[in-house]
Structure formats: C-alpha cells, structure tokens
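K.L.:
Once you've had a glance at the structure underneath, I'll fire off some questions.
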C-alpha cells in the first residue's frame, strides 16, 4: 500500500556556538564566535502505511524529538524530504496541522490558565469542529479518559496524569488521521501508564489512526507497537517488527532454573553441550540460561536439564526490551549494524 | 475507517483551503475574538490587578500631561506650535500607542517565553497564522484606557483650538490611528524577530521604546539629522506627529499625514516577511 508517511534522507543540523570563558572570552565570542554544526538527524528514511502504530525509540539526544518536530511541521529540515498525507509539513503548515494530533509529554498543548473546557472550546473553533462531532467526541473521550470532572479546572491545577489525559483528548478532538506522541507516559505512575496505553490501543483499533510514538519506556512499545524504529546519534539502526528485533539481537529467551542442589554454571553448561546456550556465570541454586529461540527449542534445554538433575522450578521469559535495545546500540557502536537502513523491514 | 473529511483516500489529506481570502480572515478574526474574550475572563478573575494596572497607566499619563502644562506655562509657543496644538498631538499619540500596547505584550517576552520556554512549538502546531497567534494570545487592557484618555485630550485640545472637526476628520482618525499603530507594531516586531537568529541579551526593545517620547513633539523642533532619523530610519515621526498633522498641521504637514497608513503597511509588511524567515529558522528547545 502507498505509505501515509514518507521520509527520505531527512537531515537536521544545528549550529552550535561554543562559549569561551571569562570577559576576554566573551569579547572573542562577540567578534569571532566559535561555531560548529551538530547533525541531530542523519539521513533518516522510512515509510509508514496508514493505520500502523510505530515505536520510535532511542536514548536522550538520539534525534527522536527532532525527527518528530520535522514531521509535525515545527522544524524545517536541513535537507531531505517528508510527506505526510501528500503534504509537506513545514511548507503547508496551516493546512497540514488540521489533519494531525500532537502530544508532547513534557509540555502541555493547552492554555495554562484556562479551564480545560475553555481550551477545548477554543480548539473547537480553531479546528472548525462542528457541534455534532464535538459533542460526540467529547462524550467518547470522557468515556475513555474520564475527563468529565476535570473540565472545569484550570490546566495548571491538574496532576501530571490528569493533564496527560486532557492533552490526549485535546489532540483527538478534531479527529486527526495521524497522531504524534512524544513521551506520552513520561513521569506517570504504573496505573496512569496502563490507562493511557489502553486508551491508545482502543483509539488505534477503532479509528484506524496512524500513530508514531517516541518513548523511553519500552513497556509502551511492547504493549502498543508491532514495529519499532531505533535511532541513535541521528541514524536509524533498526526498522522492523519487534519480533524481528529480538531475533536479530540473538539471545531472546531467558530461562531461570531453580535447582534442588547447588551447582556451578559450568556444570550446567556441560549438560547443554552441543546447544548454543549461554549460562550466566554464577553458583548456587538459581541459574539463568540465555538462548535464541530461532536456534534452540526451550523444550530441548529443559529436557536435558530435568533428565540430568532434580529441578525445583523453571521460568521462561522473553528478554526485556531494554537489553535488546542496549544490544542494538552495542552492535552499532561496534560497527556491525552501523549501516543506516540495515535490517529495514520494508 | 471513517474519514473526517469526505472525498479523501487513505493516504492523501484533503486540502481545505477552498475559502476566499476574506472568509479566511473573518474566520481567524472570530478565533482571535474568542482569544480576547478568554483573556478578559481570566483578567477579571484578578480584579485587583486589573484596577492597579489601569491606575498605574493613568498616573503616568497624568504626569506626562503635567510636564507639558508646566512647559507651556513658561513659554507661549514651541517653535511656533501652540500649547493646544502640542496637546492635541500628544492626545493623538496615545490612540495608536494604546492600540499597540493592547496587542504587543507578547512581543516583549517572545524570546524568553516562546523561543526559550518552548511555547512556540504549540503555536506552530495550530492551523492558524503563527504571528497572529502570538500577538493575540495576550492583551494589555490598559491600552484601552490610553485610547480613551487620548480621545479625551484630543477633544479638549480641539475645543481650545476652536477647530471644527467633521465627518472627514473622524474617518481620517479611523485610518490614521491604526496606520500609526502599524508603524509601532512593525518596529517592535522587527526587533522581536531578531531573536530567531540571535539571543538579544542586551534587550533592544526598552531603549527603542523610550525613544517614542520624542515622537510626541512637533518634529520641526529638532535638528535636521534627528528629523531625518525619525522619519526614515526609526520612523517614529509617523506614530504621532505626521498623522496628527492632518488635524493641526495646516498647509505644510496636513497632506503628509495621509502617507501614514502607507508607511505603516510598509514597516509592518517588512517585519512580517522577516518573521516568516525567522519561523523557517526556528530551532526548538531540546527534548
């Protein structure tokens, strides 16, 4: 299918001025500033078909937010192309922004001093939402986000979680086709996070909204996105399905074993000789084995163990995605996966 | 999936700019009308602040009036300009200044609040002009009292002058005062726009704002370089003296006054173009 979002060789350079110290340095800065370019986003390319929910992840300063800001029309790229729904965001900003919804977790999009409902009414005017649609959306959003009680309060009096719910509602009031979420669960407690995730899943399923989500919280990704794009130092290091990411990184399964009698990990390694299984270096009753599901069947490992010695308990878990991403970074740093676009799914 | 706008397929957004220019302007005017109503509601919640602000402005204006009065109690005329004439020019100057003050508060804090504080991101995410949003997001209501006082002073000075103003003069006021306000807006918008490229650490706006006071006197009292400066370089002569000359300037300046709206459109238009380039150059804050 034709992509809804099309990004090609997108770059953004920031011009930084290094400040010198002291009065003399200040004068030098004035006359001959020391400038250098920092490439925040480096030849990023991807396509996103309509209705997909994509996780866009990376460490602080990896270029996530800069990418989102170019996709939403806030920043003008240094070079490269972006087309969303056939529009160029920064060139057709006023037309384009009618079709998108944006939530920045760190900053509210609402008017700080106004009651929430007043903000919504202004947005209704700005996006020219007709009365019927407005009433229906408000009812729906209240059902899902439980914002009815918050409407009469000024935004500045809301808690972070309440504010985030209102921000989400505000971003969806005009029924956008694309939703950009920059750290939507940052700073929220577990329950609030869960609510927001459930809401996003619902919206995406019901309305078929296309969603790009940046986050630190890999729980968001695991629960919401099939596809992830990993960015580091401005470059795409991985673009594909979450499952594919696990496969590529390797040891995607952790098997915890509780033994009846203490043993050294070397003993257990001896039991699974011939299979590509790595045992964490430790002694005692509890041990951890890591292996790749594509290469080894968990059942085989378990059978070998149980046949060899008495086992109290077994626990099989997917590797936490934090480790997966760390591994991708490590590979990138080692130059194994350093080529942009390597492993791209499409 | 149901589309919000009919006639679009899954991967193309509908381009909805089928409205006429006039309709677009009317639509935006309605939005900013709503902004103003919201602002008033908010301000009225802090009634005491509101009253104190208004009193402070009136007080400073009374002081300035007193200075004029004292000056003319010593001299009969200032370079041929009589007290009522100078008073009239002063009164006129308050009307565009009030209009400008009403909508210019956000320009002063623009670099800190919008650029550094990151509020400009939000502005750019809305399908309305960015400059209009910044200007109309906050108001300085004391501008209204300046306008009222200015009109009162003009009426008083007009009576003293024995001038008989007609409908034409009223129409002229309706064109000249907004035209002069555009000159103010253009100058300070230009200064504000610089912060898209440079951090304005020294703060250009306050000293320039202080120069406004020179514009309230008949320009003929200044030496030629100052006159040229105030007419062409920092065109503050167009915010009070030239437009007011329509009413009190006689043969010599009466006609020049009519150039005011043109100067206003040129100065503001230039600043608005600079603004557009600035927006392209906008670098958001980190995160």
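K.L.:
Dividing the convex hull volume of the alpha carbon atoms of the stretch A:114-200 by its residue count, what do you get in Å³ per residue?
P.N.:
Spelled out: Cα convex hull of the stretch A:114-200, divided by residues, is 95 Å³.
K.L.:
How long are the three semi-axes of the equivalent ellipsoid of chain B, in whole Å, if each is the root of 5 times an eigenvalue of the C-alpha gyration tensor, listed from largest down?
P.N.:
Each semi-axis is the square root of five times an eigenvalue, giving 39, 21, 20 Å.
K.L.:
Then there's this: Relative contact order (percent) for chain B, with alpha-carbon contacts under 8 angstrom and 6 or more residues of separation?
P.N.:
Reported relative contact order: 23 percent.
K.L.:
Next up: Considering only A:25, A:58, A:80, give the residue with the highest GNM mean-square fluctuation for chain A, with springs between Cα atoms whenever their separation is below 10 Å.
P.N.:
Maximum fluctuation in the GNM of chain A, among the listed residues, is at A:25.
K.L.:
For chain A, take the longest principal axis of its alpha carbons; what is the angle in degrees between that and the long axis of helix A:321-333, to the nearest 10 within 0 to 90?
P.N.:
90 degrees
K.L.:
Before rounding to the nearest 500, sum -39500 (n - 2.57) across all DSSP H runs of length at least 4 in chain A and divide by the residue total; then give [θ] at 222 nm in deg cm²/dmol.
P.N.:
Value at 222 nm, helices only, nearest 500: -10500 deg cm²/dmol.
K.L.:
Using every pair of alpha-carbon atoms in the stretch A:5-246, split the distances into 5 Å bins beginning at 0 and state the percent of pairs per bin, rounded to integers.
P.N.:
The calculated distribution, bin by bin, is 1, 6, 13, 16, 18, 15, 12, 8, 5, 3, 2, 1, 0.
K.L.:
Principal axes first, then extents: for the Cα atoms of the protein assembly as shown, list largest minus smallest coordinate on each axis, whole Å, largest first.
P.N.:
117, 63, 46
K.L.:
Picking from A:223, A:109, A:204, which is most flexible by a Gaussian network model of chain A using Cα springs under 10 Å?
P.N.:
Top of the fluctuation ranking is A:223.
K.L.:
Give me Rg over Rh for the stretch A:253-318, both radii from the alpha carbons and Rh done the Kirkwood way, two decimal places.
P.N.:
Expressed as Rg/Rh, it is 0.91.
K.L.:
Quick one: P(r) of the stretch A:1-117 from all Cα-Cα pairs, 10 Å bins, percents rounded to integers, in order of increasing distance.
P.N.:
Reading upward from the zero bin: 11, 33, 28, 18, 8, 1, 0.
K.L.:
Ratio to report: Rg/Rh of the stretch B:104-252, with Cα atoms as the point set and Rh obtained by the Kirkwood method; give two decimals.
P.N.:
Ratio value, two decimals: 1.03.
K.L.:
Taking every residue in A:124-130, how many Cβ atoms of other protein chains lie within 10 Å of its Cβ, on average?
P.N.:
Across the residues of A:124-130, the mean count of other-chain Cβ atoms within 10 Å is 4.
K.L.:
Rg and Dmax of the stretch B:126-174, using alpha carbons, in Å: what are they?
P.N.:
Gyration radius and largest Cα-Cα distance of the stretch B:126-174: 16.9, 52 Å.
K.L.:
Based only on other Cβ atoms within 10 Å, what is the fewest-to-most ordering of B:13, B:32?
P.N.:
The most exposed by this proxy come first: B:32, B:13.
K.L.:
Can I ask one more? Counting C-alpha atoms alone, how compact is the stretch A:164-210: give Rg to one decimal and Dmax as a whole number, in angstrom.
P.N.:
10.5, 29
K.L.:
Let me ask something else. Arrange the following residues from fewest to most other Cβ atoms within 10 Å of their Cβ: A:216, A:174.
P.N.:
A:216, A:174
K.L.:
Please compute one quarter of the surface area of the Cα convex hull for the stretch A:193-322 and express it in square nanometres.
P.N.:
Seen from a random direction, the Cα hull of the stretch A:193-322 projects 10.3 nm² on average.
K.L.:
Quick one: B:121, B:164, A:37, fewest Cβ neighbours within 10 Å first, how do they rank?
P.N.:
Taking fewest neighbouring Cβ atoms as first place, the list is B:164, A:37, B:121.
K.L.:
Quick one: what do you get for the stretch B:1-154 if you divide its Cα Rg by 2.2 N^0.38 Å?
P.N.:
1.51
Read the figures in this text as sums done on the coordinates, not as results from a lab. Remember, it's a predicted structure, so these values are computed and weren't measured experimentally. FYI the Cβ positions are ideal-geometry reconstructions off the backbone, even for glycines, and counts take in every protein chain you see.
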